[in-house]
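Remarks on the structure that follows.
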Amino acid sequence: MHDARDAEDKRLLQEGEHKLLLGAYFHPVRERCFLWLRDDDAADDAAQRVFLRLLAELRRGRTYPVPFRVVVWKVTEWTLRSHYPSAKEDASLPDDWDPEAPDAYAEWEDEHDLGVLIADLPQRQREVLDLSYRERLSHEQIAERLGITRNAVDQALHNGHRKVAEKLRG
């Protein structure tokens, strides 16, 4: 669900909000650097190099034909490969690593993406979509909680989905 992240990145780029734009990527970039280098200080140094390069390019007015998140990950990869070539590429994963475990950042990203997508909707549509997606309530449960009819819930969902789709199409 990168569409919402990409839309927010595009908005921040257009408004020149470079600090907010880069701030949204701090933790994932720092984590990627740590996974590559396996050292906190080196990971901090690498992440700083990534953000300094990105900030310098943004201040020069550089534009990209791809979503900004792609640029962030490419710059991260280039920085790690060029400045830290002896990193432990073949390092084994920890014994307790569970590939099926939920990704805490992905969960936060989904919550953030939903919030960005529905922020501009009218209050009723925002409430109904929030209860439907975040709390996973049925249409009947939403109607009961909000004190409205099932038909009103269906209409709010339909109209909310339509507006979100329009927003995603840009």
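The values are calculated or read from the model by the stated rules, or taken from the named source; none is laboratory data. Because the structure is a prediction, the values reported are computed rather than measured. All Cβ positions, even for glycine, are placed from backbone atoms using ideal geometry, and neighbour counts span all protein chains on display. The area values use the complete protein model at the heavy-atom level, side chains included, leaving out ligands, DNA and RNA. Shrake-Rupley method; radii C 1.70, N 1.55, O 1.52, S 1.80 Å.
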Seminar exercise, completed: Quick tally, 1.4 Å probe accessible area for GLU144, GLU166, sorted with the most first, runs GLU144, GLU166
For this session: Evaluate E = 1/(1 + (r/R0)^6) for GLN141 and ALA119, where r is the Cβ-Cβ distance and R0 equals 25 Å; express this FRET efficiency to the nearest 0.05.
Result: 0.60
For this session: Can you send over the solvent-accessible area of ASP96, 1.4 Å probe, protein chains only, in Å² to the nearest 10?
Result: 130
Seminar exercise, completed: FRET efficiency for LEU55 and ARG169 from the Cβ-Cβ distance with R0 = 30 Å, rounded to 0.05, comes out at 0.50
For this session: Please give, to one decimal in nm, the separation of the simple spin-label points placed at LYS19 and TYR64, each 7 Å out from Cα toward the Cβ.
Result: 2.1
